[in-house]
Amino acid sequence: RRIIQDECPYAITFNTAKGEPWFEDIKYARLLKQEILISAKLKRYDVLAIQIMPNHVHMLVSKRTLESVRSVDIENADGHNNSPKRTFSKVRLPSHMREPQNRAYTISDLMQSIKGNFSYKRKLGPIWQPRFYSRIVNTEKYLTTVVEYIQHNPVKDGLPARYTKPPYQYFNWRNIRRLF
């Protein structure tokens, strides 16, 4: 059974297969962050927070609101705001292959896009555990707990200071403050 609540954000955690520390290499962290932001845009989600750890990732996402659809920015791995030069949304498909404009993408669709595109584009093969964990964030108190957890997780785990900076950590404080 699935419960879908579009009006609440989701806290998501996903892991690498066998706990491999792929993201100790900053190159892979940059690429993953960029893939998360692009996939979220294509699947109509706002990314509120990302924390890339050596072998797993924490994210906070919410369904995109009408206001945020009008002003979507993609932040690249270096912290500059710009749109990707080419996205799938610019490819014109025959009408029988197009997805309906009002299609409601799920968290599963988002995760399949992130994991699949990252692995495929990087030719890394299956680097992800097949499952992911998601929780509905339905109170202001729980939102505060999730944001603090994402923000302080690298320090708590004793990781180097670089894990508290881009591309490992990302927060969209403006949209986080708008919740609840």
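The values are calculated or read from the model by the stated rules, or taken from the named source; none is laboratory data. These figures come from a predicted structure and were not determined experimentally. Quick reminder, even Gly has a Cβ in these numbers, built from the backbone with ideal geometry, and neighbours come from all protein chains shown. Areas reflect the complete protein model, heavy atoms only, side chains present, ligands, DNA and RNA absent. Shrake-Rupley method; radii C 1.70, N 1.55, O 1.52, S 1.80 Å.
The table that follows gives values for the structure above.
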item: Pairs, first open to solvent by less than 10 Å² (accessible area, probe 1.4 Å) in the stretch 39-60, second outside any strand (DSSP E or B) and of a type in the set (Ser, Thr, Tyr), C-beta under 6 Å, six or more apart; result: Ser39/Ser113; Ile52/Tyr168
item: Boolean, Ser134 is closer than 24 Å to Arg44 by Cβ and out of contact with any Phe, Trp or Tyr (no Cβ under 6 Å at 6 or more places or on another chain); result: no
item: Enumeration of residues in the stretch 88-146 that are closer than 17 Å to Gln34 by Cα, open to solvent by 70 Å² or more (accessible area, probe 1.4 Å) and modelled with pLDDT of 95 or more; result: Gln112
item: Close pairs (8 angstrom Cβ cut-off, 6 or more residues apart or separate chains): free of Cβ contacts under 8 Å to residues at least 60 places away in the same chain in the stretch 135-148, open to solvent by 70 Å² or more (accessible area, probe 1.4 Å) and among the aromatic types (Phe, Trp, Tyr) anywhere; result: Thr139/Phe180; Glu140/Phe180
item: Test: residue in the stretch 154-166 that is β-branched (Val, Ile, Thr), touching a residue at least 40 places away in the same chain (Cβ under 8 Å) and open to solvent by less than 100 Å² (accessible area, probe 1.4 Å); result: no
